[in-house]
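The values are calculated or read from the model by the stated rules, or taken from the named source; none is laboratory data. Predicted, not measured: the structure shown is a model, and the values here were computed from it. As a convention, Cβ positions derive from the backbone with ideal geometry for all residues, glycine included, and neighbour counts pool all protein chains shown.
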Amino acid sequence: MPNLTGKVAIVTGSTKGIGRAIAERLVNEGANVVVTSRTESDVESVAEHLGQHALGIAADVSDPASCQRVVDETIERFGRLDVLVNNAGLGIFKPISEMSVEEWRLQVDVNLGGVFYLSKAALPHLSATGDGYIINVGSLASRNTFARGTGYNASKFGLLGMTEAMMLDVRYDDVRVSIIMPGSVNTPFNDNDPSPDRGWKLEADDCALAVMQLLEYPKEAHVSRIEMRPSQPKRG
């Protein structure tokens, strides 16, 4: 595992599931971590659990001003920013005929807009470290469509394109950009409860391990995409 002592990371959507597993891994390896979600009580609880190296900030990533505030408060508290993990996301799974305009906009604003707003606010600070990193948590739905996935697929396809273009934009500014694309993960996403009956799926910590592996590579090496799948998915 990389030695992250003294490094500072923001992890969005980090009070449960994949985001929380990533935050825990980062703290365990010595990083200072900013935990975010929309619910202040959840943020405070997780930050307290993670200890003195964690700061909780309640924020709505679909709001540009809220994203800027997260970055500003991070710099005010820790004085630097080395890693941004854009993990916050949601899915509303309906046929296009049943999906409201508000539901469409919400998915795009959170899953795609939030990554843009936070990355844009964070980039000057990431570049200043000389070895900054943006890691976007996408999905295999970034490449594979499915029925009832109109909004979700659109946002995740967009995230893959944004990640790859942003990588080219900032590679000479000392910032690497990568995307992790997991398949089915045993988390509370979409109001599911983690369960042993779903044990064939990836676990949240599998995705957190992928983040740590990216951070372990030396600056001159850039793994731009990681696709992850359950090794033995449930047979239909």
Selection from segment 107-154 of residues that are of a type in the set (Ser, Thr, Tyr) and crowded, with 18+ Cβ neighbours inside 10 Å
117, 119, 133, 139, 142, 150, 152
Which ones in segment 15-35 are without any contact (Cβ under 8 Å) to a residue 40 or more places away in the chain and of a type in the set (Gly, Ala, Ser)?
23, 30
For segment 37-52, does any single residue satisfy the condition of being touching a residue at least 24 places away in the same chain (Cβ under 8 Å), part of a strand (DSSP E or B) and polar (S, T, N, Q)?
yes
Segment 218-236: number of residues that are over 12 Å from residue 171 (Cα atoms) and part of a loop (DSSP other than H, G, I, E, B):
10
Just checking, which of 81, 55 is touching a Ser or Thr at 6+ places or on another chain (Cβ under 8 Å) and closer than 27 Å to residue 160 by Cβ?
81
Quick one: is residue 32 at pLDDT below 95 and of a type in the set (S, T, N, Q)?
no
Among the residues of segment 101-115, are any over 23 Å from residue 158 (Cα atoms), touching a residue at least 40 places away in the same chain (Cβ under 8 Å) and more than 15 Å from the chain's Cα centre (by Cα)?
no
Can you report the number of residues in segment 126-139 which are over 17 Å from residue 108 (Cα atoms) and under 18 Å from the mean Cα position of the chain (by Cα)?
5
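Yes or no, residue by residue, for (1) in contact with an Asp or Glu (Cβ under 8 Å, 6 or more places away or on another chain); (2) in a loop (DSSP other than H, G, I, E, B):
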residue: 98; (1), (2): no, yes
residue: 109; (1), (2): no, no
residue: 116; (1), (2): no, no
residue: 126; (1), (2): yes, no
residue: 166; (1), (2): no, no
residue: 171; (1), (2): no, no
Residue, nearest to the chain's Cα centre (by Cα), within segment 3-34, restricted to residues that are of a type outside the set (Val, Ile, Thr) and in a strand (DSSP E or B)
9
Since residue 84 meets every condition but one in (1) touching a Leu at 6+ places or on another chain (Cβ under 7 Å); (2) part of a helix (DSSP H, G or I), which condition does it not meet?
(2)
Within segment 78-86, is there a residue that is buried (at least 21 other Cβ atoms within 10 Å of the Cβ), out of contact with any strand residue (DSSP E or B) (no Cβ under 9 Å at 6 or more places or on another chain), farther than 17 Å from residue 180 by Cβ and in contact (Cβ under 8 Å) with a residue 40 or more places away in the chain?
no
